[in-house]
Amino acid sequence: MKVLVINCGSSSLKYQLIDMSNEEVLAKGLAERIGIEGARVKHQPTGKEDVLIEKPMSDHKKAIEIVLNALVDSDHGAIHSMDEINAVGHRVVHGGEKFSESVVIDEKVLKAIEECSELAPLHNPPNIMGIKACQELMPNTPMVAVFDTAFHQTMPESSYIYPIPYEMYEKYGIRRYGFHGTSHKYVANRAADMLGKDIKDLKIVTCHLGNGASVAAVKNGKSIETSMGFTPLEGLAMGTRSGDIDPAIIVYLMEKENMTIDEVNTMLNKKSGVLGISGVSSDFRDIEGAASEGNHRSQLALEKFNMRVKKYIGAYSAIMKGIDVLVFTAGLGENSVETRQEICKGLEFIGIDIDEDNNKVRGKETELNKEESKVKILLIPTNEELMIARDTKSLV
Ligand code: ADP
């Protein structure tokens with residue numbers, strides 16, 4: 001069985017074609033600048049040279065058409081005909097309270113996803129465009145939606161409710177949803193596999209540290225708390241997002257700086273986080289570089305980032321009444337030796353004891369802890385596409 005995984009952004013589209021008989025990636029790629037000038041697809045067939053296809057793409061349907069043609073191309077393709085694609089798995093950001101697991105897409109499901117757009121106005125509409133475009137081009141192929149929020153639907157009421165008037169939850173669905181669920185679920189399950197343990201017997205803290213970053217508490221295989229909330233703005237300090245701040249700052253700034261709602265929103269989402277503190281970059285590689293040359297604000301940005309991850313690890317250990325496994329994943333978690341070292345430093349009192357030499361590794365599954373560490377510390381590269389393909393396979 002071959003599954004095409006689609007992840008649509010507003011002007012981009014990532015794809016992977018996976019052979020589920022051995023979970024091998026046959027081809028992957030990225031379509032960029034959809035709907036604007038300079039549109040292109042970077043197509044990477046496994047075992048063949050990458051190709052860059054530069055063609056105008058007025059919309060997502062056109063982009064998917066070009067991707068499908070690339071996949072069946074006699075030169076740089078990966079399959080002979082489109083009929084070989086047995087199912088399509090779509091990443092959908094927000095499933096609200098309606099979806100606690102992946103589902104086969106039918107008209108009713110599509111309508112429910114559209115209703116969730118109100119909660120994720122930037123993310124769900126492009127996801128829906130991707131689904132509709134695929135349905136038009138492959139009307140007989142089954143499609144599955146896999147939600148970023150689904151894994152966190154197991155959070156208890158006390159975790160997801162905000163301490164604001166309850167009517168706001170009833171009226172608008174204002175509650176904590178959490179994101180990166182596919183990634184947290186994947187690495188938590190991989191952690192149990194790597195340790196040869198049943199996930200139902202483990203208390204795991206998973207740290208997804210990329211440009212967007214979140215931490216989750218996974219107890220007995222279920223997410224019971226996570227740092228992102230109503231939107232992906234809550235929680236950790238991120239590349240450009242503030243994470244937790246005193247909400248009174250918003251009103252104060254609107255008054256003092258005459259800022260509009262849009263301006264405050266842009267500031268908190270695009271100009272804050274480690275970019276905001278350092279003034280250097282949102283990319284941790286640049287900030288680590290500047291910090292090592294003595295740039296104080298870059299050092300401060302890294303300290304703030306690490307301290308907040310540490311705070312969440314402590315908090316989640318308390319909530320779960322202990323911690324057995326700590327997992328690092330995503331761009332920064334998989335690649336930054338310093339970040340992992342700094343986050344773990346000082347956590348020996350709860351049994352987190354990282355080994356400096358074991359930690360000198362990037363991007364591959366590794367046990368990072370000292371032999372005597374009570375808590376297992378694991379680096380696990382995330383693989384959201386594979387998780388989407390697996391759900392798609394099992395549902396179809
Ligand atoms: P997202 O999917 O949220 O865009 P990623 O998971 O791809 O983010 O992570 C991207 C981030 O990972 C980059 O901003 C960069 O700061 C960080 N990163 C990647 N490689 C390294 C590295 N070698 N050292 C430090 N940070 C890295």
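The values are calculated or read from the model by the stated rules, or taken from the named source; none is laboratory data. Keep in mind that what you see is a predicted model, and the values were worked out from it rather than measured. Backbone-built Cβ (ideal geometry, glycine too); neighbour counts: all protein chains shown. Accessible surface areas use protein heavy atoms only, side chains included; no ligands, DNA or RNA. Shrake-Rupley method; radii C 1.70, N 1.55, O 1.52, S 1.80 Å.
Compute, for the chain, the length of the dipole vector about the Cα centre, with Cβ point charges of +1 (Lys, Arg) and -1 (Asp, Glu) only. Units Debye, rounded to 20.
420 debye
Of the listed peptides 51-60, 275-284, what is their order by residue-averaged count of other C-beta atoms within 10 Å, with the highest listed first?
Output ranking for 51-60, 275-284: 275-284, 51-60.
So what's the net charge close to N7: Lys and Arg +1, Asp and Glu -1, counting the other residues with Cβ under 12 Å from its Cβ?
Result for the neighbourhood of N7: 0.
Could you work out what % of the accessible surface of the chain is carbon and sulfur, using a 1.4 angstrom probe and leaving DNA, RNA and ligands out of the count?
Its accessible area is 49 percent carbon and sulfur atoms.
Using the alpha-carbon centroid of each, what span in Å lies between the stretch 309-371 and the stretch 148-195?
22 Å
Roughly what angle does helix 296-319 make with the longest principal axis of the chain, taking Cα atoms, 0 to 90 degrees, to the nearest 10?
It works out to around 90 degrees.
Measuring with a 1.4 Å probe in the full set of protein chains, what accessible area per residue, in whole Å², belongs to the stretch 2-147?
Accessible surface, normalised per residue, equals 48 Å².
If you take the charge dipole of the chain about its Cα centre, with +1 on Lys and Arg Cβ and -1 on Asp and Glu Cβ, which of V280, A145, C207 is farthest toward its positive end?
Most positive-ward Cα: C207.
Quick one: which of 369-377, 102-110 comes out on top by average Cβ neighbours within 10 Å, and what's the full order, highest first?
369-377, 102-110
Just add up the charged neighbours of K360: K/R +1, D/E -1, any other residue whose Cβ is under 11 Å from the Cβ of K360. Show your work: numbers first, answer last.
Details: positive: R340, R362; negative: E338, D355, E356, D357.
Once all neighbours under 11 Å are counted, the net charge is -2.
Roughly how many debye, to the nearest 20, is the charge dipole of the stretch 238-294 about its Cα centre, given +1 on each Lys and Arg Cβ, -1 on each Asp and Glu Cβ, and no other charges?
Once rounded to the nearest 20, the dipole reads 80 debye.
Return the percentage of antiparallel bridges among DSSP beta bridges fully within the chain, rounded to the nearest 5 %.
Numbers: 40 of 58 bridges.
Bridges in the chain are about 70 percent antiparallel.
Would you mind working out the accessible area per residue for the stretch 197-379, using a 1.4 Å probe, and quoting it in Å²?
Values: 8810 Å² over 183 residues.
Spelled out: the 1.4 Å probe surface of the stretch 197-379, per residue, equals 48 Å².
Sum up the charges of everything whose Cβ sits under 14 Å from the Cβ of N369, counting Lys and Arg as +1 and Asp and Glu as -1, but leave N369 out.
For residues surrounding N369, the net value is -4.
With a 10 Å radius around each residue's Cβ, average the other Cβ atoms per peptide and rank 304-315, 74-85, highest first.
304-315, 74-85
Using alpha carbons only, how many degrees (0 to 90, rounded to 10) separate the axis of helix 261-270 from the longest principal axis of the chain?
Rounded to the nearest ten degrees, it is 90.
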